[in-house]
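Inspection log for the structure reproduced underneath, given as structure tokens.
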Amino acid sequence: ARILVVDDERSMQEFLEIFFRREGFEVVTVGSVDSALVAIESDDYDVIISDVQMPGMTGLDLLRALKEGH
């Protein structure tokens with residue numbers, strides 16, 4: 001399964017990437033909602049894990065955008 005991790009904190013991105021790769025998942029990390037939307041347009045993901053509180057757009061904004069566009 002492919003997982004997209006969306007978090008503005010690099011340390012959390014790295015932690016989740018290491019954890020899920022050890023479990024056998026393919027992981028892509030991004031630091032913003034805008035970057036997540038670009039990644040989602042270019043690739044398919046089975047799971048998206050997103051921080052809720054981020055500068056600019058939040059994780060809830062990402063959820064709304066996904067519901068509207070996908």
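The values are calculated or read from the model by the stated rules, or taken from the named source; none is laboratory data. This is a predicted model, so every value here is computed, not measured. We place every Cβ from the backbone using ideal geometry, glycine too, and count neighbours over all the protein chains shown. The accessibility values were calculated without ligands, DNA or RNA, using every heavy atom of the protein model including side chains. Shrake-Rupley method; radii C 1.70, N 1.55, O 1.52, S 1.80 Å.
A compact table of results
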| quantity | calculated |
| --- | --- |
| Residues of the chain: accessible area per residue with a 1.4 Å probe, Å² | 65 |
| Alpha-carbon gyration tensor eigenvalues x 5, square-rooted, for the chain, Å | 19, 15, 9 |
| Phi-based couplings in Hz for region 48-57 (Karplus 6.51, -1.76, 1.60; Gly and Pro marked x) | 10, 10, 10, 5, 8, 9, 9, x, x, 7 |
| Contact order relative to length of the chain, as percent, for alpha carbon pairs under 8 angstrom and 6 or more apart | 39 |
| Cα→Cβ-extended label distance, 7 Å offset, between residue 64 and residue 39, nm | 2.2 |
| Length released on extending from residue 53 to residue 12, taking residue separation times 0.36 nm less the Cα-Cα span | 13.5 nm |
| Heavy-atom accessible area ranking, 1.4 Å probe, most first, across 44, 8 | 44, 8 |
| Computed [θ] at 222 nm, helices only, for the chain once each DSSP H run of length n ≥ 4 contributes -39500 (n - 2.57) | -15000 deg cm²/dmol |
| Exposed-site-free run, longest, the chain (rule: GluC sites (Glu not before Pro); DSSP loop; at most 16 other C-beta within 10 Å) | 24-70 |
